[in-house]
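In what follows, a single structure is set out as structure tokens and then discussed.
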Amino acid sequence: MIRKVNGVLPIALMSKRMDMKLIIPASNYHEASIVKDLPVWGVKNVKDLVDALLDAETEFEIGDVPSTSIRPNYPVDFSEVKGQEQAKRALEIAAAGGHNLLMVGPPGSGKSMLARRLPTILPPMNFEEALETTKIYSIAGLLKNEGLLTTRPFRSPHHTISDAGLIGGGNLPRPGEVTLSHNGVLFLDELPEFKRGVLEVLRQPLEDGVVTISRASGSITYPARFMLVAAMNPCPCGYFTDPHHECTCTISQIQRYQQKISGPLMDRIDIQIEVPSIEYRELGAKMRGESSSSIRKRVERARMLQWERYKNTGFHTNSALNPGMIEKYISLSVSSMKLLETALVKFGLSARAYHRIMKVARTIADLDEEDNVREHHIAEAIHYRSFDKLNFRIRSISQEV
């Protein structure tokens with residue numbers, strides 16, 4: 001019996017470019033058949049292989065590319081989430097602008113449940129994205145027999161993961177979690193529990209959308225363009241912001257806990273929200289929330305506006321704007337500038353926070369299908385700097401003590 005092997009899809013694509021026929025294990029046939037008009041022969045045993053090699057008249061099957069209408073099929077939906085309207089709004093904005101997001105809240109508030117539903121409101125993958133994602137999973141040996149992957153990846157590594165597991169590595173470098181999250185979501189739960197060195201290696205893929213693994217024999221570059229979603233408690237016991245539970249942590253313990261997340265990593269997270277504990281009346285409500293498909297329609301409209309605005313620039317979402325581009329594509333009224341200045345002074349926000357607020361406000365305006373960023377868009381964007389405001393609150397308490 002000839003066993004299934006990894007990496008058949010990239011091999012099939014190369015065979016098509018070189019105008020070659022392809023002989024592969026029969027169990028890899030679905031994977032190779034993704035490549036249109038490629039002659040493929042699936043062999044189950046050595047006899048089949050010899051027959052294929054010796055018989056010039058062998059009839060190869062012709063691959064037929066699946067429909068380019070990629071229909072995702074997710075087992076979860078936003079309609080299942082009770083309450084947390086503010087958090088769901090923040091996730092919608094993150095999806096619309098491709099923004100990284102941090103959720104801060106006590107245990108059991110639903111942070112993981114919300115994160116797992118983020119892929120369901122992202123635009124469906126086009127054929128090129130689906131093919132690229134399938135190639136990655138083919139190389140990693142994670143493909144089953146479904147052929148082309150149609151759902152955006154959601155990866156949630158444990159906080160004990162090594163930097164090689166996150167970024168990729170090995171003697172023959174394999175894709176890590178950041179690459180397996182390409183075109184999807186990388187969710188880091190209990191963010192401060194990850195080793196600081198592991199978190200720091202995220203900075204390159206978050207900035208460049210690729211990760212390069214170097215070895216003595218050479219280096220290899222994998223794609224790694226993903227949305228980072230992180231979740232954490234506000235303090236070691238988890239209840240600093242919870243009105244229903246008493247926090248047992250000292251201010252110095254809370255500060256040390258939050259300082260486990262470096263400034264450079266926080267600078268790459270546009271949206272920060274508090275996720276409070278859920279009230280019983282919300283849990284007991286019989287009415288279902290808004291469905292993922294309904295939210296996704298708004299996200300797709302906002303993404304289309306960004307696609308048109310940034311045509312021929314090399315990027316497609318508001319999250320990719322650098323400071324120079326912000327000045328070019330976002331203009332504010334005098335009242336909006338005044339509101340932003342007041343927030344920066346009050347909470348001691350950095351210049352990077354200023355740029356994050358501007359980008360998020362641009363996305364909120366896109367969801368409203370408005371050409372100009374208005375004062376209420378800025379006000380809502382400021383609201384999504386919860387971690388900065390939490391630090392301001394802690395500093396104020398420490399000064400009083």
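Measure out, as a whole number of angstrom, how far apart the alpha-carbon centroids of region 116-149 and region 74-94 sit. The two parts, judged by their Cα centres, are 22 Å apart. Counting only alpha carbon atoms, the long axis of helix 386-400 and the longest principal axis of the chain meet at about 40°.
Extending 7 Å from the Cα toward the beta-carbon at both residue 21 and residue 293 defines two label points whose distance is 4.5 nm. Annotation: per residue accessible area for the chain equals 50 Å², rounded to a whole number [probe 1.4 Å, protein chains only].
Annotation for region 321-368 versus region 245-281: alpha-carbon center distance of 23 Å. On the basis of the beta-carbon distance and an R0 of 45 Å, residue 301 and residue 161 show a calculated FRET efficiency of 0.80. Karplus-based coupling profile of region 340-354, in residue order and whole Hz: 5, 4, 4, 5, 4, 6, 4, 9, x, 6, 7, 4, 5, 5, 4, with θ = phi - 60° in 6.51 cos²θ - 1.76 cosθ + 1.60 and x standing for Gly or Pro. Here is how the number arises for the chain: DSSP H runs of 4 or more residues each give -39500 (n - 2.57), the sum is divided by the residue count, and the result at 222 nm is -12000 deg cm²/dmol. Highest mean packing first, where packing is the average number of other Cβ atoms within 10 Å per residue, the peptides 167-175, 264-272 line up as 264-272, 167-175. Here log10 I(q)/I(0) by the Debye sum over Cα atoms at q = 0.06, 0.12 Å⁻¹ was calculated from the structure, and among [x] -0.65, -1.06; [y] -0.25, -0.94; [z] -0.29, -1.01 it sits at label [z]. Karplus-derived 3J(HN,Hα) values for region 161-175, using 6.51 cos²θ - 1.76 cosθ + 1.60 with θ = phi - 60°, are 4, 8, 5, 5, x, 7, 8, x, x, x, 4, 9, x, 9, x Hz; glycine and proline are entered as x.
In sequence order, region 190-197 has phi-based couplings of 6, 3, x, 7, 6, 4, 4, x Hz under the Karplus curve 6.51 cos²θ - 1.76 cosθ + 1.60, θ = phi - 60°, and Gly or Pro positions carry x. Please report, as a whole percent, how much of the solvent-accessible surface of the chain comes from carbon and sulfur atoms (probe radius 1.4 Å). Its accessible area is 52 percent carbon and sulfur atoms.
Which links in 111/144; 4/36; 16/44; 82/338; 47/144; 260/346 stretch past 27 Å when you go from one Cα to the other? As for pairs spanning more than 27 Å Cα to Cα, those are 111/144; 82/338.
Counting only DSSP beta bridges whose two residues both lie in the chain, roughly 35 percent are antiparallel.
The values are calculated or read from the model by the stated rules, or taken from the named source; none is laboratory data. The shown structure was predicted, so the numbers you read here are calculated from the model rather than taken from an experiment. Heads up, the Cβs are rebuilt from the backbone with ideal geometry, glycines too, and the neighbour counts pull from every protein chain shown. Ligands, DNA and RNA are stripped out before the accessible areas are found, and what is left, the full protein with its side chains, is counted by its heavy atoms. Shrake-Rupley method; radii C 1.70, N 1.55, O 1.52, S 1.80 Å.
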